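Notes for the one structure printed next.
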Amino acid sequence: MRTRALFAAGLAAALSLSTLAFGVTVAEGDTVVSAARDGDTVAFSGFANTVDPGRSKIPGDFFRTDFSDATVADAIGIDLQDAFVEELEDGSGLRFTWQMATALPVDGVPEAVRYNWAFQAGDQTYQLQVKRSNLLNISTAEAPIDHVTEFTEGDWFFQLRGACTPAYLVPGSPVAGCYHLGFFDGAVDTAAGTVSMDLPYEAEDAIGRLVAGTFQRGTPITESQSANMSITASGQAVVSNTLTSQFINGWGTYYPGTVVSVALGDAQGPTGTYVLLDTDGDGSFAGSIDGAGTHLWVQACSGYGIPGFGPQPCSASGHEIG
């Protein structure tokens, strides 16, 4: 299974056609097909070959909670420990997984527990939400037929929400919320204590409308927060907050597929700022960049890492401009 995952900012640089194997490798000879200067403009094209980083863990080291009663947390299934991101086997999207410390209750009171994951892709924010039922919800009125259909087909809802705002209910209120965008596939493994949701790239709703156009392979995703939480397991009655939740904040950037950025510099490294390229995430890239420099530096990122801990998601290599 191909998997991709989240970021920690540190980047390493290598000279000319050499490589750095911190989780991602730019293969010699594959990186730049051409880089040629015409006045102030450098035109380039190439291919960045990255190593599959495997299933990516968003560690519980960033775990925070004010929900102090562990016995209650275990009993209702919100003892959140870790979270994971991986690319779907066919490369069509990502799977987001919440990992609990204990098995989930087989039965539960509707609306008693929900699992959220808030993130930003491009200039849009999104929220994944998994609940046993989803009828007592501020988004139900936006798509009542969809909610009833999901309810009759099963007892778990896997919902994508967006256009998030901190004043969804009443202007000036502290209640955060997001609008309903669509329902998607997911799974709950009560024995393993996992909840997962699959989100396709450029997701569409049930009637084919594009609802997540900025969620693309090759576009980084970053942490967002709803009600001051990002990855969340909550006990709640319609509204959840930090007093009734266990959550993970502080994760960095997730690179789906191969994310490529370029900068100009010299043989020792980039002297300019890396510019993110708009690509399909398959490693191929092309474009142009203005500025001075003798070398084009290519940064390829795939996966998630924490600075100073384990494999890093990015590596960079410099290439002399013809």
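The values are calculated or read from the model by the stated rules, or taken from the named source; none is laboratory data. Computed from a predicted model, the values in this text were never measured in an experiment. Here Cβ is always computed from backbone atoms with ideal geometry, including for glycine, and neighbour counts include all displayed protein chains. For the accessible areas, the whole protein counts, side chains as well, though only heavy atoms, and no ligand, DNA or RNA atoms are used. Shrake-Rupley method; radii C 1.70, N 1.55, O 1.52, S 1.80 Å.
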So, by mean Cβ neighbours within 10 angstrom, what's the order for 297-304, 47-54 with the highest one leading? 297-304, 47-54
Please work out the average accessible area per residue across the range 264-322, using the 1.4 Å probe convention, and give it in Å². 44
Net charge of Cβ neighbours under 11 Å - reference residue 320; Lys, Arg +1; Asp, Glu -1: 0
For the ranges 278-289, 72-83, what's the packing order if you count other beta-carbon atoms within 10 Å of each residue, average per peptide, and put the highest first? 72-83, 278-289
How large a share of the accessible area of the range 205-322, in percent, is made up of carbon and sulfur atoms when the probe is 1.4 Å and the other protein chains stay in place? 54
